[in-house]
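Read through the structure below, which is laid out as C-alpha cells, and then see the notes.
The values are calculated or read from the model by the stated rules, or taken from the named source; none is laboratory data. Because the structure is a prediction, the values reported are computed rather than measured. Virtual Cβ from ideal backbone geometry, glycine too; neighbours counted across all protein chains shown.
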Ligand SMILES: *Cc1c(COP(=O)(O)O)cnc(C)c1O
C-alpha cells in the first residue's frame with residue numbers, strides 16, 4: 001500500500017465499541033477488570049492506552065518498523081533510546097545534532113557514566129576512526145539543524161554494523177514521508193512529533209520506531225517504568241496530523257525549494273543552506289536518500305545586526321523556536337535553539353551570529369517570499 005493509504009488507515013480502525021471512524025480520546029487512567037487476572041488487555045493507562053496504541057501502530061507503519069512507542073516529547077524519546085546503553089559505554093554522536101540532544105549528553109547522561117564523542121558523520125573516514133572498544137551506539141541526525149549537512153545513512157549503518165554497533169537516526173527534519181532511515185539499515189528512528197508529524201504547532205511529543213524485538217521490548221519496558229508517555233489527547237492530535245503528512249510534506253518541500261531559490265539569488269544573502277540547491281555539497285546524496293528536500297532553509301546575513309533586522313522586520317513569518325508547523329517560523333539558531341552549544345563549536349559548525357533559519361510553512365509561497373523580500377530590504 002502507498003504512503004498516504006498507510007497514513008490514513010494504519011492504526012485507524014473504526015472503534016470496536018461504537019464504530020467511531022476517528023479513534024476516540026480514551027481519557028481514562030484505569031480500566032474495569034472483569035475478574036481477578038481477567039481484563040481486556042488494558043489495566044492502567046501509563047502502561048496501555050488505546051489512543052496511544054493507535055498512534056504507535058500508525059507511525060511505526062509509516063517508518064516501515066515493526067514496533068513503535070510514543071513519548072511525552074522528542075527529548076524523552078531520545079532519553080529512552082539512550083537507556084539501551086549503560087555506564088561505561090561509549091556513544092558516537094553526530095557533531096551537529098539538535099541543541100537539546102547535545103545538552104542531554106553533555107549535562108545529563110555524562111553524569112551517569114555514558115561516554116560520548118562528537119563526530120562529523122558526513123565523513124565516513126572520520127566515523128571509522130571514532131569507534132572505541134566500548135562503543136555501543138552511533139546517533140545521527142540528517143539533514144542537521146540548522147546548516148543542513150547530510151549524512152549517508154547506508155554508509156554509517158554498514159560501518160557500525162561491521163562492529164556490531166546500533167545506529168539511531170533522528171528523522172524529525174524529514175519525516176517518514178521524505179526519508180525512511182530503516183530502509184538504509186538504520187536500527188532505530190527517533191522523532192520529535194512536535195514538528196512535522198503533528199504539523200500544527202499544538203502538541204509536544206516524541207516517537208521511537210524500530211525492528212529489533214529485544215531492543216523494542218526494552219524500550220517498552222523503559223516507557224512503562226519511567227512513564228514519559230504521550231497523553232491520550234496528544235496521541236489523538238498527532239494521529240490526526242499524520243493523516244495529512246503526505247500532502248503537507250509535498251507543500252513544505254515545494255515552498256522550501258522556492259524560498260531557497262529566492263534567497264540564493266538575493267544580493268543581501270551571503271549563503272543559503274538547503275540540500276535541494278545544486279550548490280549544496282551533498283546535493284547528490286540528498287537526492288538519493290530523500291524523496292524531497294523539505295521546508296527547512298537557513299541563510300547567512302553576515303552579522304548579528306543584519307540578522308536582527310530580518311528577524312524583527314518579518315510580518316507573516318513568526319519569530320519563534322520550533323519548526324514543522326503549517327505556519328512559517330523564523331529563528332536565530334545562535335541565541336535560540338543552539339544557545340546551549342559552546343560558542344567555539346557553534347562557529348566551527350557555521351552557526352554564526354548572522355545565521356537565520358526558516359521553517360517554511362504551507363502558506364501561498366508568493367506571500368512568504370514577499371515577506372522575506374521586504375524584511376531583507
Ligand atoms: C525539536 C527537536 C527535538 C526535541 O523534541 P521535543 O519534542 O522538543 O522534545 C529533537 N530533535 C530535533 C531534530 C528537533 O527538531
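Key figures for this structure:
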| quantity | calculated |
| --- | --- |
| Exclusive hit being at pLDDT 95 or above and in contact with a helix residue (DSSP H, G or I) (Cβ under 7 Å, 6 or more places away or on another chain), set 295, 256 | 295 |
| Filter result for the condition that a residue is in contact with a helix residue (DSSP H, G or I) (Cβ under 6 Å, 6 or more places away or on another chain), away from the ligand (no atom under 15 Å from the Cβ) and at positive phi, over 68, 88, 37, 64 | 64 |
| Any pair with Cβ under 6 angstrom, 6 or more apart, that starts in the range 65-79 at a residue that is within 15 Å of residue 168 (Cα to Cα) and ends at one that is within 11 Å of the ligand (Cβ to nearest atom) and in a strand (DSSP E or B) | 74/192; 74/206; 76/206; 77/71; 77/190; 77/206; 77/207; 78/190 |
| Number of the exception - residue 96 against (1) in a loop (DSSP other than H, G, I, E, B); (2) away from the ligand (no atom under 16 Å from the Cβ); (3) in contact with a helix residue (DSSP H, G or I) (Cβ under 7 Å, 6 or more places away or on another chain) | (2) |
| Residues within the range 345-377 that are under 20 Å from residue 94 (Cβ atoms) and surrounded by fewer than 22 Cβ atoms within 10 Å (Cβ to Cβ), tallied | 7 |
| Filtered residues of the range 294-327 (kept if surrounded by 21 or more Cβ atoms within 10 Å (Cβ to Cβ) and within 16 Å of the ligand (Cβ to nearest atom)) | 294, 295, 296, 297, 298, 323, 324, 325 |
| Qualifying positions in the range 326-367 - assigned to a loop (DSSP other than H, G, I, E, B) and farther than 18 Å from residue 299 by Cβ | 326, 327, 339, 340, 341, 342, 362, 363, 364 |
| Members of the range 150-177 found to be surrounded by 23 or more Cβ atoms within 10 Å (Cβ to Cβ) and assigned to a helix (DSSP H, G or I), listed by number | 153, 156, 160, 175, 176, 177 |
| Residue match in the range 138-149 (condition: more than 14 Å from the ligand (Cβ to nearest atom), crowded, with 17+ Cβ neighbours inside 10 Å and on the phi < 0 side of the Ramachandran plot) | yes |
| For residue 196: the one exception among (1) farther than 17 Å from residue 169 by Cα; (2) out of contact with any strand residue (DSSP E or B) (no Cβ under 9 Å at 6 or more places or on another chain) | (1) |
| Residues located in the range 113-145, provided they are assigned to a helix (DSSP H, G or I) and out of contact with any helix residue (DSSP H, G or I) (no Cβ under 9 Å at 6 or more places or on another chain) | 125, 126, 129, 130 |
| Residue within the range 185-198 that is more than 16 Å from the ligand (Cβ to nearest atom) and modelled with pLDDT of 95 or more present | yes |
| Selection count where residues are surrounded by fewer than 23 Cβ atoms within 10 Å (Cβ to Cβ) and over 23 Å from residue 163 (Cβ atoms), scope the range 77-97 | 1 |
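This table checks each residue for (1) in the same structural domain as residue 365 (by TED's automatic domain parsing); (2) surrounded by fewer than 17 Cβ atoms within 10 Å (Cβ to Cβ); (3) under 19 Å from residue 60 (Cα atoms).
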position: 207; (1), (2), (3): no, no, yes
position: 211; (1), (2), (3): no, no, yes
position: 214; (1), (2), (3): no, yes, yes
position: 265; (1), (2), (3): yes, yes, no
